[in-house]
Amino acid sequence: MRYKVPYNYLPFEFKDTRNIFKEWSKLIKSTDFTLGKFVEKFENQFSKFCGVKYCISTNNGTDALILALKSLKIGSGDEVITVPNSFYATTGAIVAVGAKPIFVDCDERYQIDTNLIEHKITKKTKAILPVHWAGASPDMKKIMKIAKKYNLYVVEDACMGIGGRISNKHPGTIGHVNAFSLHPLKSLNVMGDGGMIVTNNTKIYQWVKKYRNHGMINRDQNEIWGVNMRMQPLQSIVAIENLKKLNKVISTRNKNANYMDKKFKDMKPYVITPKRLNNNLETFSLYMVLVKKRDLLLKYLISKGIEAKIHYPIPLHKQKAHINSNYFKNEKFPVVERHAKKLITLPMHQYIKPKQIDYISACIKQFYN
Ligand SMILES: *Cc1c(COP(=O)(O)O)cnc(C)c1O
(Lines give C-alpha, C1' and ligand atoms only; values in the text may rest on other atoms or scores of the structure.)
Protein backbone atom coordinates (compact mmCIF):
# COMPACT_ATOMS: atom_id res chain seq x y z
CA MET A 1 0.00 0.00 0.00
CA ARG A 2 1.25 3.47 -0.83
CA TYR A 3 0.50 5.68 2.14
CA LYS A 4 -1.05 9.14 1.80
CA VAL A 5 0.95 10.13 4.86
CA PRO A 6 4.01 7.89 5.04
CA TYR A 7 6.03 7.35 8.19
CA ASN A 8 9.18 6.51 6.29
CA TYR A 9 10.77 9.71 4.97
CA LEU A 10 14.00 8.18 3.70
CA PRO A 11 13.02 8.22 -0.01
CA PHE A 12 12.59 12.03 0.31
CA GLU A 13 15.74 12.48 2.33
CA PHE A 14 17.96 10.67 -0.13
CA LYS A 15 16.44 12.04 -3.32
CA ASP A 16 19.55 14.06 -4.07
CA THR A 17 22.71 12.12 -3.29
CA ARG A 18 25.16 13.96 -5.53
CA ASN A 19 27.26 15.37 -2.66
CA ILE A 20 27.41 12.00 -0.98
CA PHE A 21 28.61 10.27 -4.16
CA LYS A 22 31.17 13.01 -4.73
CA GLU A 23 32.63 12.49 -1.26
CA TRP A 24 32.40 8.71 -1.59
CA SER A 25 34.56 8.81 -4.72
CA LYS A 26 37.17 10.79 -2.76
CA LEU A 27 37.03 8.16 -0.04
CA ILE A 28 37.41 5.35 -2.56
CA LYS A 29 40.48 7.04 -4.05
CA SER A 30 41.97 7.48 -0.58
CA THR A 31 41.24 3.85 0.43
CA ASP A 32 40.80 5.13 3.98
CA PHE A 33 38.38 2.28 4.70
CA THR A 34 38.92 1.75 8.43
CA LEU A 35 38.71 4.90 10.55
CA GLY A 36 40.84 7.55 8.85
CA LYS A 37 40.25 11.16 7.95
CA PHE A 38 36.57 11.00 6.92
CA VAL A 39 35.62 9.42 10.23
CA GLU A 40 37.77 11.93 12.14
CA LYS A 41 36.18 14.79 10.24
CA PHE A 42 32.73 13.70 11.36
CA GLU A 43 33.87 13.22 14.96
CA ASN A 44 35.38 16.72 15.04
CA GLN A 45 32.30 18.28 13.48
CA PHE A 46 29.92 16.52 15.84
CA SER A 47 31.82 17.41 19.01
CA LYS A 48 31.93 21.02 17.83
CA PHE A 49 28.22 20.93 16.94
CA CYS A 50 27.16 19.89 20.42
CA GLY A 51 29.88 21.68 22.35
CA VAL A 52 31.81 18.82 23.94
CA LYS A 53 35.52 18.01 23.98
CA TYR A 54 35.47 14.52 22.50
CA CYS A 55 33.39 12.43 20.12
CA ILE A 56 34.18 8.80 19.32
CA SER A 57 32.12 7.32 16.51
CA THR A 58 30.91 3.72 16.66
CA ASN A 59 29.22 1.09 14.56
CA ASN A 60 25.77 1.82 16.01
CA GLY A 61 23.96 3.25 19.03
CA THR A 62 23.88 -0.03 20.91
CA ASP A 63 27.68 -0.27 20.68
CA ALA A 64 27.87 3.31 21.89
CA LEU A 65 25.82 2.44 24.99
CA ILE A 66 27.91 -0.67 25.68
CA LEU A 67 31.15 1.28 25.26
CA ALA A 68 29.91 4.07 27.50
CA LEU A 69 29.06 1.63 30.31
CA LYS A 70 32.32 -0.28 29.84
CA SER A 71 34.34 2.92 29.94
CA LEU A 72 32.98 3.51 33.46
CA LYS A 73 33.96 -0.07 34.43
CA ILE A 74 30.33 -0.98 34.97
CA GLY A 75 29.80 -4.73 34.87
CA SER A 76 28.95 -7.80 36.87
CA GLY A 77 27.41 -7.06 40.28
CA ASP A 78 26.52 -3.48 39.38
CA GLU A 79 23.06 -1.97 39.02
CA VAL A 80 22.07 0.62 36.44
CA ILE A 81 18.85 2.60 36.77
CA THR A 82 16.84 3.14 33.59
CA VAL A 83 13.29 3.03 32.18
CA PRO A 84 11.05 0.20 30.97
CA ASN A 85 9.76 2.37 28.11
CA SER A 86 12.58 2.51 25.61
CA PHE A 87 13.96 0.56 22.70
CA TYR A 88 15.41 -2.86 23.64
CA ALA A 89 18.98 -1.62 23.19
CA THR A 90 18.93 0.52 26.35
CA THR A 91 18.39 -2.45 28.63
CA GLY A 92 20.20 -4.79 26.24
CA ALA A 93 23.40 -2.75 26.65
CA ILE A 94 23.19 -2.90 30.46
CA VAL A 95 22.75 -6.67 30.31
CA ALA A 96 25.52 -6.99 27.70
CA VAL A 97 28.11 -5.57 30.09
CA GLY A 98 26.94 -7.95 32.83
CA ALA A 99 25.11 -5.37 34.97
CA LYS A 100 21.53 -5.50 36.23
CA PRO A 101 18.90 -3.14 34.83
CA ILE A 102 16.72 -1.48 37.47
CA PHE A 103 13.57 0.16 36.13
CA VAL A 104 11.86 3.38 37.15
CA ASP A 105 8.39 4.38 35.94
CA CYS A 106 7.93 7.28 33.54
CA ASP A 107 6.01 10.56 33.79
CA GLU A 108 3.30 12.00 31.55
CA ARG A 109 5.96 13.30 29.14
CA TYR A 110 7.08 9.64 28.71
CA GLN A 111 10.39 10.48 30.46
CA ILE A 112 11.96 8.89 33.54
CA ASP A 113 10.07 10.03 36.66
CA THR A 114 12.86 11.71 38.58
CA ASN A 115 10.80 11.62 41.81
CA LEU A 116 11.10 7.83 41.84
CA ILE A 117 14.81 7.43 41.16
CA GLU A 118 16.08 7.71 44.74
CA HIS A 119 13.87 4.82 45.92
CA LYS A 120 15.74 2.52 43.56
CA ILE A 121 19.28 3.42 44.59
CA THR A 122 21.14 0.67 46.48
CA LYS A 123 24.76 -0.01 47.42
CA LYS A 124 25.15 -1.70 44.06
CA THR A 125 23.91 1.22 41.96
CA LYS A 126 26.67 2.53 39.72
CA ALA A 127 24.85 4.70 37.18
CA ILE A 128 21.63 6.28 36.05
CA LEU A 129 20.89 5.76 32.36
CA PRO A 130 18.13 8.22 31.38
CA VAL A 131 16.68 8.04 27.88
CA HIS A 132 15.70 11.05 25.80
CA TRP A 133 12.66 9.07 24.78
CA ALA A 134 10.95 10.10 21.54
CA GLY A 135 13.40 13.01 21.31
CA ALA A 136 12.06 14.89 24.33
CA SER A 137 14.33 15.20 27.34
CA PRO A 138 13.98 14.10 30.94
CA ASP A 139 14.79 16.52 33.78
CA MET A 140 18.57 16.25 33.39
CA LYS A 141 19.23 18.91 36.06
CA LYS A 142 17.50 16.84 38.70
CA ILE A 143 19.13 13.62 37.48
CA MET A 144 22.60 15.17 37.76
CA LYS A 145 21.76 16.42 41.24
CA ILE A 146 20.71 12.94 42.39
CA ALA A 147 23.81 11.41 40.77
CA LYS A 148 26.04 13.87 42.60
CA LYS A 149 24.35 13.22 45.94
CA TYR A 150 24.85 9.44 45.65
CA ASN A 151 28.13 9.55 43.74
CA LEU A 152 26.74 7.86 40.61
CA TYR A 153 27.61 8.14 36.96
CA VAL A 154 25.12 9.35 34.39
CA VAL A 155 25.07 7.80 30.91
CA GLU A 156 22.55 9.51 28.65
CA ASP A 157 20.83 7.47 25.97
CA ALA A 158 20.48 10.38 23.59
CA CYS A 159 19.94 8.12 20.56
CA MET A 160 16.73 10.00 19.70
CA GLY A 161 17.85 13.39 20.98
CA ILE A 162 20.39 14.55 18.40
CA GLY A 163 19.86 18.20 17.56
CA GLY A 164 17.48 18.90 20.45
CA ARG A 165 18.18 21.37 23.26
CA ILE A 166 17.68 21.49 27.01
CA SER A 167 17.95 25.18 27.89
CA ASN A 168 20.97 25.87 25.69
CA LYS A 169 22.58 22.46 26.07
CA HIS A 170 22.42 19.49 23.71
CA PRO A 171 20.88 16.22 24.87
CA GLY A 172 23.76 13.82 25.43
CA THR A 173 26.23 16.44 26.69
CA ILE A 174 25.19 16.57 30.34
CA GLY A 175 26.02 13.10 31.69
CA HIS A 176 29.53 11.68 32.07
CA VAL A 177 29.67 9.52 28.92
CA ASN A 178 26.73 9.61 26.52
CA ALA A 179 25.51 7.65 23.54
CA PHE A 180 23.85 8.53 20.23
CA SER A 181 22.52 6.52 17.29
CA LEU A 182 22.60 7.33 13.56
CA HIS A 183 20.06 4.63 12.67
CA PRO A 184 18.00 5.62 9.58
CA LEU A 185 15.00 6.78 11.63
CA LYS A 186 16.85 9.01 14.11
CA SER A 187 17.01 12.80 13.79
CA LEU A 188 20.57 12.58 12.41
CA ASN A 189 20.92 9.48 10.29
CA VAL A 190 23.07 7.53 7.90
CA MET A 191 22.32 4.87 5.27
CA GLY A 192 22.45 2.00 7.71
CA ASP A 193 24.02 1.83 11.14
CA GLY A 194 26.15 4.33 12.97
CA GLY A 195 26.54 5.87 16.39
CA MET A 196 28.79 7.83 18.68
CA ILE A 197 29.81 8.61 22.22
CA VAL A 198 30.67 12.02 23.58
CA THR A 199 32.47 12.95 26.78
CA ASN A 200 34.47 15.79 28.28
CA ASN A 201 36.67 13.37 30.21
CA THR A 202 40.11 12.90 28.60
CA LYS A 203 40.89 9.58 30.30
CA ILE A 204 37.57 8.07 29.26
CA TYR A 205 38.05 9.36 25.72
CA GLN A 206 41.46 7.75 25.44
CA TRP A 207 40.21 4.44 26.79
CA VAL A 208 37.16 4.31 24.50
CA LYS A 209 39.22 5.19 21.45
CA LYS A 210 41.59 2.33 22.18
CA TYR A 211 38.94 -0.23 23.17
CA ARG A 212 36.83 0.51 20.07
CA ASN A 213 39.81 -0.43 17.89
CA HIS A 214 41.06 -3.70 19.45
CA GLY A 215 42.96 -1.93 22.23
CA MET A 216 45.68 -1.04 19.74
CA ILE A 217 47.93 1.96 20.21
CA ASN A 218 49.46 1.28 16.81
CA ARG A 219 49.71 -1.56 14.33
CA ASP A 220 52.32 -3.46 16.33
CA GLN A 221 51.27 -2.73 19.91
CA ASN A 222 48.22 -3.74 21.85
CA GLU A 223 47.71 -2.24 25.30
CA ILE A 224 44.36 -3.70 26.35
CA TRP A 225 42.01 -6.35 24.94
CA GLY A 226 39.40 -4.54 22.95
CA VAL A 227 36.84 -5.01 20.21
CA ASN A 228 36.02 -3.63 16.77
CA MET A 229 33.17 -1.15 17.06
CA ARG A 230 34.39 1.27 14.40
CA MET A 231 32.10 3.44 12.30
CA GLN A 232 32.17 2.77 8.57
CA PRO A 233 33.86 5.67 6.69
CA LEU A 234 31.15 5.47 3.97
CA GLN A 235 28.61 6.26 6.69
CA SER A 236 30.65 9.06 8.22
CA ILE A 237 30.31 10.87 4.88
CA VAL A 238 26.52 10.54 5.02
CA ALA A 239 26.59 11.78 8.62
CA ILE A 240 28.66 14.84 7.62
CA GLU A 241 26.17 15.70 4.84
CA ASN A 242 23.17 15.32 7.14
CA LEU A 243 24.74 17.23 10.02
CA LYS A 244 24.73 20.30 7.72
CA LYS A 245 20.92 20.08 7.55
CA LEU A 246 20.20 19.02 11.12
CA ASN A 247 19.17 22.37 12.65
CA LYS A 248 16.81 22.96 9.73
CA VAL A 249 15.35 19.46 10.10
CA ILE A 250 14.69 20.05 13.80
CA SER A 251 13.06 23.44 13.27
CA THR A 252 10.79 22.11 10.49
CA ARG A 253 9.77 19.16 12.63
CA ASN A 254 8.95 21.51 15.48
CA LYS A 255 6.83 23.69 13.22
CA ASN A 256 4.93 20.61 12.02
CA ALA A 257 4.55 19.11 15.48
CA ASN A 258 3.29 22.40 16.93
CA TYR A 259 0.68 22.55 14.20
CA MET A 260 -0.40 18.99 14.98
CA ASP A 261 -0.48 19.77 18.74
CA LYS A 262 -2.77 22.73 18.03
CA LYS A 263 -5.18 20.54 16.09
CA PHE A 264 -5.44 18.23 19.10
CA LYS A 265 -6.14 21.01 21.61
CA ASP A 266 -9.90 20.61 21.43
CA MET A 267 -9.87 16.81 21.12
CA LYS A 268 -9.41 15.99 24.81
CA PRO A 269 -10.01 13.47 26.30
CA TYR A 270 -9.87 11.44 23.08
CA VAL A 271 -6.39 12.67 22.19
CA ILE A 272 -3.94 13.88 24.83
CA THR A 273 -0.66 15.50 23.82
CA PRO A 274 2.25 15.51 26.27
CA LYS A 275 3.22 18.75 27.95
CA ARG A 276 5.84 20.61 25.91
CA LEU A 277 8.41 22.46 27.99
CA ASN A 278 9.67 25.90 26.97
CA ASN A 279 13.28 25.01 27.69
CA ASN A 280 13.20 21.69 25.79
CA LEU A 281 13.51 21.75 22.02
CA GLU A 282 12.38 18.27 20.99
CA THR A 283 13.58 16.33 17.95
CA PHE A 284 10.25 14.54 17.39
CA SER A 285 11.98 11.29 16.56
CA LEU A 286 8.58 9.94 17.60
CA TYR A 287 5.42 12.06 17.71
CA MET A 288 3.34 10.23 20.32
CA VAL A 289 -0.05 11.02 21.83
CA LEU A 290 -2.34 9.11 24.19
CA VAL A 291 -5.65 8.11 22.61
CA LYS A 292 -8.86 6.29 23.44
CA LYS A 293 -9.63 3.03 21.62
CA ARG A 294 -6.03 2.97 20.43
CA ASP A 295 -6.01 -0.33 18.56
CA LEU A 296 -9.15 0.53 16.60
CA LEU A 297 -7.84 4.00 15.80
CA LEU A 298 -4.57 2.51 14.53
CA LYS A 299 -6.45 0.23 12.16
CA TYR A 300 -8.67 3.08 11.02
CA LEU A 301 -5.76 5.41 10.31
CA ILE A 302 -3.93 2.76 8.32
CA SER A 303 -7.10 2.13 6.29
CA LYS A 304 -7.09 5.88 5.57
CA GLY A 305 -3.51 5.77 4.29
CA ILE A 306 -1.88 7.20 7.41
CA GLU A 307 1.13 5.14 8.45
CA ALA A 308 0.71 5.26 12.24
CA LYS A 309 2.66 2.95 14.59
CA ILE A 310 3.01 2.00 18.24
CA HIS A 311 6.24 2.44 20.24
CA TYR A 312 5.78 -0.01 21.92
CA PRO A 313 2.76 -2.14 22.82
CA ILE A 314 4.79 -4.31 25.27
CA PRO A 315 6.99 -2.49 27.80
CA LEU A 316 10.43 -3.91 28.52
CA HIS A 317 9.57 -5.40 31.91
CA LYS A 318 6.80 -7.45 30.26
CA GLN A 319 9.03 -8.84 27.53
CA LYS A 320 9.95 -12.51 27.68
CA ALA A 321 13.63 -11.57 27.65
CA HIS A 322 13.17 -9.76 30.92
CA ILE A 323 10.79 -12.12 32.66
CA ASN A 324 13.03 -15.09 31.86
CA SER A 325 16.12 -13.31 33.11
CA ASN A 326 14.68 -13.23 36.63
CA TYR A 327 15.86 -9.70 37.42
CA PHE A 328 12.94 -9.03 39.71
CA LYS A 329 9.55 -10.30 40.69
CA ASN A 330 6.49 -8.83 39.01
CA GLU A 331 7.36 -5.22 39.62
CA LYS A 332 4.68 -2.81 38.43
CA PHE A 333 5.15 0.38 36.46
CA PRO A 334 1.61 1.79 36.28
CA VAL A 335 2.32 4.81 34.08
CA VAL A 336 4.38 2.92 31.53
CA GLU A 337 1.76 0.14 31.50
CA ARG A 338 -1.12 2.59 30.97
CA HIS A 339 0.80 4.36 28.22
CA ALA A 340 1.60 1.09 26.44
CA LYS A 341 -2.15 0.60 25.95
CA LYS A 342 -2.86 4.16 24.79
CA LEU A 343 0.13 5.48 22.89
CA ILE A 344 0.05 5.96 19.16
CA THR A 345 2.87 7.32 17.01
CA LEU A 346 1.82 9.49 14.08
CA PRO A 347 3.98 10.27 11.07
CA MET A 348 5.61 13.62 11.89
CA HIS A 349 8.80 14.46 10.04
CA GLN A 350 10.36 17.27 8.10
CA TYR A 351 8.63 16.31 4.83
CA ILE A 352 5.04 16.37 6.15
CA LYS A 353 2.93 19.14 4.64
CA PRO A 354 0.31 21.16 6.60
CA LYS A 355 -2.32 19.61 4.34
CA GLN A 356 -1.31 16.15 5.48
CA ILE A 357 -1.56 17.27 9.11
CA ASP A 358 -5.05 18.60 8.37
CA TYR A 359 -5.87 15.21 6.91
CA ILE A 360 -4.59 13.29 9.97
CA SER A 361 -6.61 15.46 12.32
CA ALA A 362 -9.74 15.23 10.15
CA CYS A 363 -9.49 11.42 10.10
CA ILE A 364 -9.06 11.23 13.87
CA LYS A 365 -12.03 13.56 14.40
CA GLN A 366 -14.10 11.43 12.08
CA PHE A 367 -13.11 8.28 13.96
CA TYR A 368 -14.34 9.63 17.31
CA ASN A 369 -17.54 10.99 15.79
C1 LIG B 1 17.73 3.57 18.29
C2 LIG B 1 17.93 3.52 19.72
C3 LIG B 1 18.95 2.76 20.29
C4 LIG B 1 19.84 1.83 19.50
O5 LIG B 1 20.54 2.41 18.48
P6 LIG B 1 21.05 1.51 17.25
O7 LIG B 1 21.89 2.47 16.46
O8 LIG B 1 19.86 1.03 16.51
O9 LIG B 1 21.87 0.41 17.81
C10 LIG B 1 19.11 2.81 21.67
N11 LIG B 1 18.29 3.55 22.44
C12 LIG B 1 17.29 4.30 21.92
C13 LIG B 1 16.46 5.12 22.82
C14 LIG B 1 17.07 4.29 20.55
O15 LIG B 1 16.05 5.00 20.06
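The values are calculated or read from the model by the stated rules, or taken from the named source; none is laboratory data. All of these numbers come straight from a predicted model, not from anything done at the bench. Ideal geometry is used to build each Cβ from the backbone, glycine not excepted, and the neighbour counts take in all protein chains shown. With ligands, DNA and RNA removed, areas are computed over all heavy atoms of the protein, side chains included. Shrake-Rupley method; radii C 1.70, N 1.55, O 1.52, S 1.80 Å.
Here are the numbers:
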read-out	value
Overall dimensions of the chain by Cα: Rg and Dmax, Å	20.8, 71
Antiparallel DSSP beta bridges within the chain, as percent of all bridges there, nearest 5	65 percent
Calculated [θ] (222 nm, deg cm²/dmol) that DSSP helices of n ≥ 4 give over the chain, each run adding -39,500 (n - 2.57)	-12000 deg cm²/dmol
Potential lengthening between Asn326 and Asn228 on full extension [0.36 nm per residue; Cα-Cα distance subtracted]	32.2 nm
Within-12-Å neighbourhood charge of Thr62 [Cβ basis; K, R +1; D, E -1]	-3
Quotient of C-alpha Rg and 2.2 N^0.38 Å, computed over segment 238-289	1.35
Estimated inter-spin distance, Leu10 and Lys244, nm [label 7 Å along Cα→Cβ]	2.2 nm
Over the chain, relative contact order from alpha-carbon pairs under 8 Å, at least 6 apart, %	21 percent
Between segment 15-80 and segment 212-272, the alpha-carbon center distance in angstrom	11 Å
Net length gained if the chain between Tyr88 and Glu40 were fully extended (0.36 nm per residue, minus Cα distance)	14.4 nm
10 Å Cβ shell holding at most 14 others, DSSP loop, GluC sites (Glu not before Pro): longest site-free stretch of the chain	109-222
Most fluctuating residue given options His132, His311, His322, as computed from a GNM of the chain linking Cα atoms under 10 Å	His322
Loop-located chymotrypsin sites (Phe, Trp or Tyr not before Pro) in segment 284-320, at most 16 other Cβ atoms within 10 Å (DSSP)	none
Net length gained if the chain between Lys141 and Met216 were fully extended (0.36 nm per residue, minus Cα distance)	23.3 nm
Around Gly135: net Lys/Arg minus Asp/Glu count, Cβ-Cβ under 10 Å	+1
Phe103 long-range amide H proximity, modeled H, under 5 Å	Thr82
Gyration tensor (alpha-carbon) shape descriptor, segment 79-123, a/c threshold 1.5	oblate
Label point distance in nm, Lys53-Lys149, each placed 7 Å from Cα along Cα→Cβ	2.8 nm
Listed peptides 140-146, 243-249 by packing density, highest first (mean Cβ within 10 Å)	140-146, 243-249
Residue of Lys209, Lys149, Lys37 that the Gaussian network model of the chain assigns the largest fluctuation, springs spanning Cα pairs under 10 Å	Lys149
Selected from Val190, Val155, Val227 as most flexible by GNM, with the chain as the system and alpha-carbon contacts under 10 Å	Val227
Spacing of the two label points (7 Å from each Cα toward its C-beta) at Met267 and Gln366, in nm	1.3 nm
Amide N proximity, segment 255-287 versus Asn200 label position 7 Å along Cα-to-Cβ, cut-off under 17 Å	none
Kirkwood Rh and Cα Rg combined as Rg/Rh, segment 272-315	1.03
Cα gyration tensor shape of segment 251-356, rounded if a/c is under 1.5, else prolate or oblate by comparing a/b with b/c	prolate
Accessible surface of segment 234-369 [probe 1.4 Å, protein heavy atoms]: carbon and sulfur percent	55 percent
Distant-in-sequence amide H partners of Val154 (H built 1.01 Å from N, under 5 Å)	Ile128, His176, Val177
Segment 38-162, relative contact order in percent, only Cα pairs under 8 angstrom and at least six apart counted	21 percent
